[in-house]
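Undergrad: Dropping a structure here in structure tokens format, bear with me for questions.
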Amino acid sequence: MKKKDIVRIRSNIAGVLAVLWMIVIFIFSAQNKEESSVVSEGVSDQIVSMTGWLFHLHIDAERIWEIARLVEYFVRKGAHMTEFAILAILLYVWIGRWQLKRLYRYGIAVVLTILYACSDEFHQLFVEGRAGLISDVIVDSVGAIIGLAVFLLLQSYVLWRRRKRTDHNRKACA
């Protein structure tokens, strides 16, 4: 199979996954405040419980609940950042079909992700108990920028290692 065909297939899969991921984000945003709080409180409780277990802290249930309430804000914002980092990566891979320079693809993927973050916050204006916040758009945008940058750094590292291994094998065979 030609490299061009592989890029097209990978791009198509990423495009479909990006649309599905947008639907997932939309569903999370459609939850009212109570439903959303239950999810983030549950995740916070699990994180604190697992941390206590991992480090043998022997924390009682009441203290776990107190700590979980303290970290819940950061869990929520971390979830926002992660959701939009994943979307930016999927969009970046989808845009790869047009053979643009990496910097252009990066910029387009980030802009599209920020536009979706804006539409997501607008959508929340119509959900009971939720509010569309500029601060959430900023958090989502930072998540997209950082997540995609980390993805590109990892991708560059993998390519560098692959080239280094290939060069080493060529020298060994010569």
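Undergrad: Would you pick out the residues in the range 1-11 that are in contact (Cβ under 8 Å) with a residue 40 or more places away in the chain and either exposed (fewer than 14 other Cβ atoms within 10 Å of the Cβ) or of a type outside the set (S, T, N, Q) (or both)? Write out each step before concluding.
TA: Residues of the range 1-11 that are in contact (Cβ under 8 Å) with a residue 40 or more places away in the chain, as a first pass: 7-8, 10-11.
Listed by number, the residues that qualify are VAL7, ARG8, ARG10.
Undergrad: How many of the residues in the range 13-57 are free of Cβ contacts under 8 Å to residues at least 40 places away in the same chain, among the polar types (S, T, N, Q) and either over 30 Å from GLU128 (Cα atoms) or loosely packed, with under 14 Cβ neighbours inside 10 Å (or both)?
TA: The total comes to 3.
Undergrad: Give the range 131-174 a look and list any residue that's within 13 Å of ILE89 (Cα to Cα) and polar (S, T, N, Q), or say none.
TA: SER141, GLN155
Undergrad: What about ARG97, is it without any contact (Cβ under 8 Å) to a residue 40 or more places away in the chain, touching a helix residue (DSSP H, G or I) at 6+ places or on another chain (Cβ under 6 Å) and of a type outside the set (Gly, Ala, Ser)? Even if it seems obvious, please write down each step before you answer.
TA: Numbers: without any contact (Cβ under 8 Å) to a residue 40 or more places away in the chain: no; touching a helix residue (DSSP H, G or I) at 6+ places or on another chain (Cβ under 6 Å): yes; of a type outside the set (Gly, Ala, Ser): yes.
The answer is no for ARG97.
Undergrad: While we're here: Tell me yes or no: at least one residue of the range 73-80 is more than 17 Å from the chain's Cα centre (by Cα), farther than 19 Å from ASP140 by Cα and either modelled with pLDDT of 85 or more or part of a helix (DSSP H, G or I) (or both). Talk me through it step by step, then tell me what you get.
TA: So the first thing to find is which residues in the range 73-80 are more than 17 Å from the chain's Cα centre (by Cα), and the list is 73.
Pick out the ones that are also farther than 19 Å from ASP140 by Cα and you get none.
Within the range 73-80, none of the residues are more than 17 Å from the chain's Cα centre (by Cα), farther than 19 Å from ASP140 by Cα and either modelled with pLDDT of 85 or more or part of a helix (DSSP H, G or I) (or both).
Undergrad: Let me ask something additional. Just checking, which of ASP140, ASP120 is at pLDDT 95 or above, in contact with a Ser or Thr (Cβ under 7 Å, 6 or more places away or on another chain), within 23 Å of VAL19 (Cβ to Cβ) and charged (D, E, K, R)? Give the steps one after another, and end with the answer.
TA: Working: ASP140 fails: in contact with a Ser or Thr (Cβ under 7 Å, 6 or more places away or on another chain).
So the residue among ASP140, ASP120 that is at pLDDT 95 or above, in contact with a Ser or Thr (Cβ under 7 Å, 6 or more places away or on another chain), within 23 Å of VAL19 (Cβ to Cβ) and charged (D, E, K, R) is ASP120.
Undergrad: Which of (1) crowded, with 16+ Cβ neighbours inside 10 Å; (2) under 26 Å from SER156 (Cα atoms); (3) under 17 Å from the mean Cα position of the chain (by Cα) does GLY96 not meet, given it meets every other one?
TA: That leaves (3) as the condition not met.
The values are calculated or read from the model by the stated rules, or taken from the named source; none is laboratory data. Note that the structure is a prediction, hence the values are computed from the model and not measured. In this analysis, Cβ positions are derived from the backbone assuming ideal geometry, glycine residues included, and neighbour counts consider all displayed protein chains.
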